[in-house]
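First comes the structure, then the notes that go with it.
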Amino acid sequence: MNLSRIALATGVAASTVLLLAGPAAAHVSVQPQGEAAKGGYATLNFKVPNERDQASTVKLEVNFPAEHPLSSVTPEAVPGWKIEITKGKLDKPLEVHGRKITEAVTKVTWTADGSKIEPGYFQQFPVSVGQLPEDADQMIFKAIQTYDNKEVVRWIEEPKAGGEEPDSPAPVLALSAASDDHHGGGAAGDDHAADDKATDKAASAEGDKKETHAASSSSSDTTARTLGIIGIVVGIAGVAFGVLAGRRRTA
């Protein structure tokens with residue numbers, strides 16, 4: 001009798017472990033390349049795993065937070081996927097680099113166009129964004145994943161601090177402390193650094209060109225003066241020779 005009770009309890013415990021492990025599957029997430037600093041720019045990767053054995057993912061919709069509108073959203077081309085960018089009017093215009101931004105991207109949609117995310121695979125969808133908010137520690141991007149069997153999974157549940165992870169959590173981007181240059185980390189920051197480096201290189205090349213031109217001009221002036229002096233000397237020598245030759249004839 002006791003053995004039967006122990007076996008039953010063991011079976012219940014094993015079932016509980018399996019049930020708890022079930023919801024811990026992969027889900028749509030977002031991660032920066034490098035870091036995503038407050039007030040800076042960053043390149044974000046939206047990672048989409050396929051969670052079905054008999055269906056493939058053919059569409060992803062990512063909604064951008066209205067409370068933290070971004071002035072710049074540029075998705076990277078992904079082979080086999082069509083990209084659609086949706087914009088909306090801002091209630092309060094943004095001031096970015098001395099100009100007013102009256103609309104911002106509200107959603108980016110990737111639709112399979114010759115490709116799909118098959119069972120057992122995942123796909124990353126990179127997006128360059130900025131400027132990131134300075135008054136927030138995180139940004140929440142609600143996502144909708146569609147399969148080719150018409151199933152739709154909504155990753156829109158916002159996680160609560162100190163609470164358990166929801167069954168369908170929305171992708172959350174953690175923001176790091178603001179950097180001095182406000183360019184952020186990763187590819188986006190590297191692009192800005194590359195631009196600055198190219199500008200410095202061009203300025204240096206222009207300076208070298210001016211110095212070379214000045215040196216060339218100075219060399220030309222020196223050569224001209226030297227030739228002029230030689231010409232004068234030759235002229236004087238010719239006159240002296242003529243005078244001497246005249247005296248000899250007279251004698």
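The values are calculated or read from the model by the stated rules, or taken from the named source; none is laboratory data. Just so you know, these numbers come straight off a predicted model, no measurement behind them. Positions of Cβ are generated from backbone atoms using ideal geometry, with glycine treated the same way; all protein chains shown enter the neighbour counts. In case anyone asks, the SASA skips ligands and DNA or RNA and just uses the protein heavy atoms, side chains included. Shrake-Rupley method; radii C 1.70, N 1.55, O 1.52, S 1.80 Å.
Laid out as a table, the results:
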item	result
Where the stretch 39-154 is the region considered: accessible area per residue in Å², 1.4 Å probe	54 Å²
Kirkwood-based shape ratio for the stretch 105-150, expressed as Rg/Rh from alpha carbons	1.04
Furthest towards positive pole of dipole, 78, 120, 90, structure part the stretch 74-122, Cβ charges	90
Sulfur and carbon atoms: percent of accessible area, the stretch 77-175 [1.4 Å]	45 percent
Cα-based Rg / Dmax (Å) for the stretch 120-178	14.2, 44
Part-to-part distance (alpha-carbon centres) for the stretch 63-111 and the stretch 134-159, which is given in Å	16 Å
Ordering of 119-130, 91-102 by packing [mean C-beta count within 10 Å, highest first]	119-130, 91-102
Magnitude of the charge dipole, the stretch 20-174, Cβ model with Lys/Arg +1 and Asp/Glu -1, debye to 20	500 debye
Kirkwood estimate for the stretch 43-120, i.e. one over the average of 1/r between Cα atoms, Å	14.4 Å
Radius of gyration and Dmax over the Cα atoms of the stretch 81-182, both given in Å	16.8, 48
